[in-house]
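Asks: Dropping the structure in here first, questions after.
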Amino acid sequence: MVQMSTTDPSPRFEILGRLRAWRDDEELDLGPGKQRAVLAVLLLNVNRPVSTSAIVDAVWEDDPPDNGANVVQKYVAGLRRVLEPDRSPRTPGRLLKLTPAGYALHVPPQCLDAELFQRDVQRALAARADDPAQAAAALRAALAMWRGPALAGLTGRVFDAARERLAEERAAALETCVEIELEQGRHAQLVPELIRLVADFPLREQPRHLLMLALYRCGRQAEALAAYRDAREFFAAEFGVEPGDRLRQLHMRILRSDPTLAGPAAATAPPTAPPPVPVPPMTVPHTPLPQTPVPHHGLVPPAVPPYAPRRTPWWLRIILIGIPPLTFGTGTCALVGYYAGRRRSRLLWLAAAGYLLLTIVFWAIMGTAEEDGSTPYDLPATAAALVTTLGGMVHVALLTAGPVTDPAVMPPPAVVAMIERGARREQARALVAHHPAVARELHVGRPDLPRAFDDGGLVDVNAVPEHVLAGLPGIDPYHAKLIVTVRQTHGPFASVDDLVIRGVLPATVVRSLNDVLVAVPEPAPAPTPEAT
């Protein structure tokens, strides 16, 4: 339950679950379902006027009442009696007011759980750099406000959109909280929660990334690889795409048993002070670094078999090509369907369905044949037989003519390119962290400038122009202009997370671009003659 001072006469509202309202410790009776829906619309637009027509559209959608304005007025009067029981009938409402633009529900920020949740999440993100443990505790406290799906029981496009938006904010806060706790070594305790998080948000890649990392740090490497396989099969089956670059890179690092994935010791270990980890000094040349290709040796894990296209043996090709005529075309659809599943080709699935349909037509016509073998549909039956037999032979011959490529095995050039890009990004980020002046000299994060140093495609939010930012996925021209305006008026961003802390970009957008964005610090001002 949302807590607030007992001296405040305003009721407290909860929408992170079933819609409820409280005065002190007493839950208020909000009336019938439509009246509750009217209140929900006003709470989604809290402290802003909502027109009567907008309320009617949200509550009744395609089936509005004939006298919609009067019905809304009746429900508003019922809400006023519940929310302001001491108000005189002829006295203007203090909480629920009628303005020229519509009805406005005035609620202090501490009296609506959704606004409290957003405020606490922002504060936790701001405190993450200084006190990660306190930030995680604050996020856990904010997430405890949720009692189920937001606005549970209310249906309609407006409520569905609000529910999806709030669920997105909850998922982002959960991911950030788990990420912080993983950094503190609580991977063993977080595995069950991450499994539930993946099940609740199957389309999000970040929970799968965190689950793989937690499993690996628990010594469960095989299960971490199985989690990646599940993710790959899910995205391929649902959308026909591969997992994102960040998930694939983690998979490759797990296969290589990358020591940098080990992370801190488990939180359950005895509290001993670990010895400091020596950081080797980074030697940075004063001349631009050449773009030498990353060597192949040691980058491809031994668990990935070498990619070698194979050709179908000649004797197997003969058997396969002979199946359509030997089965009178009935085996053609099965053969093409097999290749469709193997190659994940929608066109081949359509072809297999076509062969199956022609086979059904042929045998259906043959079932009407007279004793002399003639049918009234000789021409369609003959055409179907020719297509499924002769056409099937040609189709199978073409399918077995070229080399067999297994889509589960990525060609080495693509693997090397992916690892090379990730390695160059890590190198560039290390350069930014330890030698920001050199990073600026080499134009790290500046795709708009000519460069001799390959940074893997990073984008510096402190320097790139507006049109480069607008070209990134998830950033529209308005937010690109907002980023440039904020950094000019309030100074450069201290980190990529600063975009969320300052309210410039949603956390979901920043998280999706986490692999690309970087904040190169501004150069320190040169000392003045007076200072020297």
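Asks: Step by step: first the residues of the stretch 146-194, then only those that are without any contact (Cβ under 8 Å) to a residue 24 or more places away in the chain and touching a helix residue (DSSP H, G or I) at 6+ places or on another chain (Cβ under 8 Å), then the one that is surrounded by the most Cβ atoms within 10 Å (Cβ to Cβ). Which residue is that?
Replies: L194
Asks: Is it the case that some residue within the stretch 78-90 is assigned by TED's automatic domain parsing to the domain that holds P32, under 41 Å from the mean Cα position of the chain (by Cα), loosely packed, with under 12 Cβ neighbours inside 10 Å and not in a helix (DSSP H, G or I)?
Replies: No, every residue in the stretch 78-90 fails to be assigned by TED's automatic domain parsing to the domain that holds P32, under 41 Å from the mean Cα position of the chain (by Cα), loosely packed, with under 12 Cβ neighbours inside 10 Å and not in a helix (DSSP H, G or I).
Asks: Give me a count of the residues in the stretch 230-264 that are over 17 Å from the mean Cα position of the chain (by Cα), among the hydrophobic types (A, V, I, L, M, F, W, C) and buried (at least 18 other Cβ atoms within 10 Å of the Cβ).
Replies: Residues that pass the stated criteria total 2.
Asks: If you go through the stretch 331-364 one residue at a time, how many are buried (at least 19 other Cβ atoms within 10 Å of the Cβ) and closer than 21 Å to A383 by Cα?
Replies: So the count comes out to 12.
Asks: Quick one: in the stretch 12-34, of everything that is buried (at least 20 other Cβ atoms within 10 Å of the Cβ) and of a type outside the set (A, V, I, L, M, F, W, C), which residue is nearest to L98 (Cα to Cα)?
Replies: Here the answer is R12.
Asks: Just to be sure before I move on: is D120 at pLDDT 90 or above and out of contact with any helix residue (DSSP H, G or I) (no Cβ under 8 Å at 6 or more places or on another chain) in the structure I sent?
Replies: So D120 does not fit the description; no.
Asks: For the condition closer than 22 Å to E205 by Cβ and not hydrophobic (A, V, I, L, M, F, W, C), what is the one hit in D460, D515, D455, D448?
Replies: D515
Asks: Another question, then. Would you please list the contacts, defined by Cβ atoms under 8 Å and residues six or more apart or on different chains, that run from a residue in the stretch 229-245 that is under 23 Å from N514 (Cα atoms) to a residue that is surrounded by 14 or more Cβ atoms within 10 Å (Cβ to Cβ) and among the aromatic types (F, W, Y)?
Replies: Close Cβ pairs satisfying both conditions: V241/F235; E242/F235; P243/Y228; P243/F235.
Asks: Kindly indicate the residue of the stretch 486-517 that is of a type in the set (D, E, K, R) and more than 18 Å from C177 (Cβ to Cβ) and also modelled with the lowest pLDDT among those meeting that condition.
Replies: The extreme case among them is R502.
This table checks each residue for (1) of a type in the set (V, I, T); (2) modelled with pLDDT of 85 or more.
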| site | (1), (2) |
| --- | --- |
| G445 | no, yes |
| D454 | no, no |
| G457 | no, yes |
| E466 | no, yes |
| L469 | no, yes |
| P473 | no, yes |
| H479 | no, yes |
| V484 | yes, yes |
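Asks: Could you grab me the full set of residues in the stretch 481-505 that are touching a helix residue (DSSP H, G or I) at 6+ places or on another chain (Cβ under 8 Å) and closer than 25 Å to G422 by Cα?
Replies: Selection gives F493, V496, D497, L499, V500, L505.
Asks: Ok, one more. Are any of the residues in the stretch 145-166 in a strand (DSSP E or B) and within 24 Å of R119 (Cβ to Cβ)?
Replies: yes
Asks: Please go through the stretch 322-341 and pick out each residue that is assigned to a helix (DSSP H, G or I) and of a type in the set (V, I, T).
Replies: Listed by number, the residues that qualify are I323, T332, V336.
Asks: Within the stretch 182-226, how many residues are part of a helix (DSSP H, G or I), under 18 Å from the mean Cα position of the chain (by Cα) and among the basic types (K, R)?
Replies: Matching residues across the stretch 182-226 total 2.
Asks: Which one of the conditions (1) without any contact (Cβ under 8 Å) to a residue 40 or more places away in the chain; (2) buried (at least 16 other Cβ atoms within 10 Å of the Cβ); (3) of a type in the set (D, E) does D130 fail to meet, given that it meets all the rest?
Replies: (2)
The values are calculated or read from the model by the stated rules, or taken from the named source; none is laboratory data. None of the values given here were measured: they were computed from a predicted structure. Using ideal geometry, Cβ is built from the backbone for each residue, glycine included, and neighbour counts are taken over all protein chains shown.
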